[in-house]
Amino acid sequence: MNQILVTSCQLGRSPETTIAIAFAAKEPSRCDAVVVLSCGMNVIMMKYLTMHWIKLQGLLYCQYNHHKTMTKKAFIMIGRSGCGKGTQANLLSEYLLKNAQEGDMNIPSILYVQSGNEFRNFGQRKNYSAKLSKAINDVGGLQPEFLAVYMWTSVLVREYNGNGHLIFDGMPRKVHEAGVLHSVFDFYKLSKPQVIYLNVGTDWATKHLLVRGRHDDNVQDIENRLKWFNEEVLPTIEFYRKNKYYDFHEINGEQSVELVRKEIVAKVFGK
């Protein structure tokens, strides 16, 4: 049996195949296994039934069909109030679960962390901190960083089992919070989080918030939320846009729900 040591491994554009760059070996047609060493992973043995070899610039490219899988991923939904983050987060969850059920991906669960809901639930508690937080929420104010971080870190510690995708909706809001969230990805070994920025204008967001008609969707509260978005969240978005450790996707949020969904799938998953 011959073996080929693969020094790098890269998923091809086609989800049906994996292309591994390998050094030339004598009589490669006789190989029935390939040792793969990639991305700091342990050396593993991959057996295959059918191999197809193509010579190119002195290297051999090994191409073979494989069962499509996806490692656990993290997604950050970010954008102005009223841009549809919650709607698109739910559609993203449906997409991930549907593909898992069809055997396209191997991640069985999703933890959805929504900062707004966490704060609204927290505001119903009968303690001093909850009372202060509710007062800020009632006027569309921006919550203090320590409390914002507590909201989503407590959910992670309490509910994340390490086996599923993570979807963050409405966080982080400040650049400092983005730094804390980055430590989460390091801790849980989640590489290249996907940042999905639903970009809508202020007038567009205001119109949709007034139509939505939630109890805190009054003109003054909306103005406050959009004001601190421009002051605090836009710099955070730029932090992600320029950060090589994240895949940043800017989406035109001023489309129909379905067109926004399709743009997200096309940009994030290449479909």
Query raised in the report: In the set Lys131, Lys72, Lys126, which member is under 30 Å from Leu234 (Cα atoms), at pLDDT 90 or above, basic (Lys, Arg) and out of contact with any Lys or Arg (no Cβ under 7 Å at 6 or more places or on another chain)?
Result: Lys131
Report task. Confirm whether Gly213 is loosely packed, with under 13 Cβ neighbours inside 10 Å and out of contact with any Gly (no Cβ under 7 Å at 6 or more places or on another chain). Result -> yes
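Of all the helices (runs of 4 or more DSSP H) wholly in region 73-169, which have at least 2 residues that are in contact (Cβ under 8 Å) with a residue 40 or more places away in the chain and surrounded by 13 or more Cβ atoms within 10 Å (Cβ to Cβ)? Talk me through it step by step, then tell me what you get.
Numbers: elements: 85-101, 115-122, 128-138, 145-159.
Per the criteria, 85-101, 115-122, 145-159.
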Requested in this report: Out of Val260, Val233, report the one residue that is in contact with a strand residue (DSSP E or B) (Cβ under 8 Å, 6 or more places away or on another chain), modelled with pLDDT of 90 or more and more than 24 Å from Thr153 (Cβ to Cβ).
Outcome: Val260
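The values are calculated or read from the model by the stated rules, or taken from the named source; none is laboratory data. Keep in mind that what you see is a predicted model, and the values were worked out from it rather than measured. Using ideal geometry, Cβ is built from the backbone for each residue, glycine included, and neighbour counts are taken over all protein chains shown.
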